[in-house]
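Okay, structure first, notes after.
The values are calculated or read from the model by the stated rules, or taken from the named source; none is laboratory data. All values reported here derive from a predicted model rather than from experimental measurement. Cβ placement follows ideal geometry from the backbone for every residue including glycine, while neighbour counts extend to all protein chains displayed.
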Amino acid sequence: MQDRRSYFEQLAHEWDLRPLSQEQSEWLREFCKLACPPGTRCVLDVGCGTGLLVPYLSAVLREKEWIVELDFAMGMLKTGRQKYWQAATWVCADACALPFAPATFDSVIMFGLLPHVSDQRAALEEALRVLQAGGMLSIGHLMSSEELNAFHSQLEGPVREDRLPAAGVLASLLERCGARVLEAAEGPGSYRVRACKVG
Ligand SMILES: C[S@@+](CC[C@H](N)C(=O)[O-])C[C@H]1O[C@@H](n2cnc3c(N)ncnc32)[C@H](O)[C@@H]1O
């Protein structure tokens, strides 16, 4: 069976053709604002794809800070870097083995990533490892877990079985990983879970 990495590599050239409504764009703006409270200096976007969040993060951070866009699919990164080469640092790596020292970032974002990671707990622990004490981990989707899981089950290929836990279930998992949950909310067209690394 095709693996997930080659599945996403194959989608890279058409990833930016997906339409985004005005409402979704507003949702992303708010998500990035909450993910990067005032004082945020270094943000890591894990599973960044072609850099969808870069303009939103740049607007919140106003160019003074460091944005790291990370993905395991080179094709996604190449497209993103072509668009926003100056705005971010582009890194090819796996979400479960982040190539950063502990406490490097004060915000870590996983937008549209978690269902595709085979060991979700390991990815969350990695995100918490590279966060500073008091830093924010934000997980988001433009669908509820029910909507997204139904969508994945209609697809062909390795993501067909990929599942996003309900927001409450993810919140419990984050607490077991030692994080303090600030928000766990989902509904039609929206999924947002945010947690703080306890110092
Ligand atoms: C559904 S896409 C979302 C991309 C982007 N965040 C967006 O919303 O446009 C999932 C992304 O996560 C990446 N990805 C999946 N598993 C990964 C892993 N284990 N490590 C790093 N990136 C991963 C894929 O290559 C893909 O670009």
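Answer yes or no as to whether Leu34 is within 16 Å of the ligand (Cβ to nearest atom) and modelled with pLDDT of 95 or more.
Against the criterion (within 16 Å of the ligand (Cβ to nearest atom) and modelled with pLDDT of 95 or more), Leu34 does not qualify.
Scan the range 103-128 for residues that are crowded, with 23+ Cβ neighbours inside 10 Å and among the basic types (Lys, Arg) and report the count.
0
Considering only residues of the range 17-38 that are farther than 18 Å from Ala195 by Cα and among the small types (Gly, Ala, Ser), which is surrounded by the most Cβ atoms within 10 Å (Cβ to Cβ)?
In this case the residue turns out to be Ser25.
Kindly establish whether Asp16 is at pLDDT below 95 and within 12 Å of the ligand (Cβ to nearest atom).
yes
For (1) within 14 Å of the ligand (Cβ to nearest atom); (2) acidic (Asp, Glu); (3) surrounded by fewer than 21 Cβ atoms within 10 Å (Cβ to Cβ), each residue gets a yes or a no:
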position: Thr40; (1), (2), (3): no, no, yes
position: Thr50; (1), (2), (3): yes, no, no
position: Glu65; (1), (2), (3): no, yes, yes
position: Gly80; (1), (2), (3): yes, no, no
position: Ala93; (1), (2), (3): yes, no, yes
position: Ala101; (1), (2), (3): no, no, yes
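Taking interchain pairs and intrachain pairs at least six residues apart, which have beta carbon atoms under 7 angstrom, with the first residue in the range 176-198 and assigned to a loop (DSSP other than H, G, I, E, B) and β-branched (Val, Ile, Thr) and the second surrounded by 14 or more Cβ atoms within 10 Å (Cβ to Cβ) and at pLDDT 95 or above?
So the pair list comes out as Val198/Ala179.
For Val159, which of the numbered conditions (1) modelled with pLDDT of 95 or more; (2) more than 13 Å from Gln120 (Cβ to Cβ) fails to hold?
Exception for Val159: condition (1).
So for the range 143-165 (the condition being over 17 Å from the mean Cα position of the chain (by Cα), farther than 26 Å from Leu61 by Cβ and of a type in the set (A, V, I, L, M)), does at least one residue qualify?
yes
Examine the range 52-63 for a residue that is surrounded by 14 or more Cβ atoms within 10 Å (Cβ to Cβ), within 17 Å of Gly140 (Cβ to Cβ) and polar (S, T, N, Q), and state whether such a residue exists.
No, the conditions are met nowhere in the range 52-63.
I'm trying to understand the selection: among the residues of the range 129-169, which are surrounded by 20 or more Cβ atoms within 10 Å (Cβ to Cβ) and farther than 14 Å from Gly112 by Cα?
Val130, Leu131, Gly135, Met136
Please state which of the following conditions Glu9 fails to meet, knowing it meets all the rest: (1) surrounded by 14 or more Cβ atoms within 10 Å (Cβ to Cβ); (2) modelled with pLDDT under 95; (3) closer than 19 Å to His116 by Cβ.
Unmet condition: (2).
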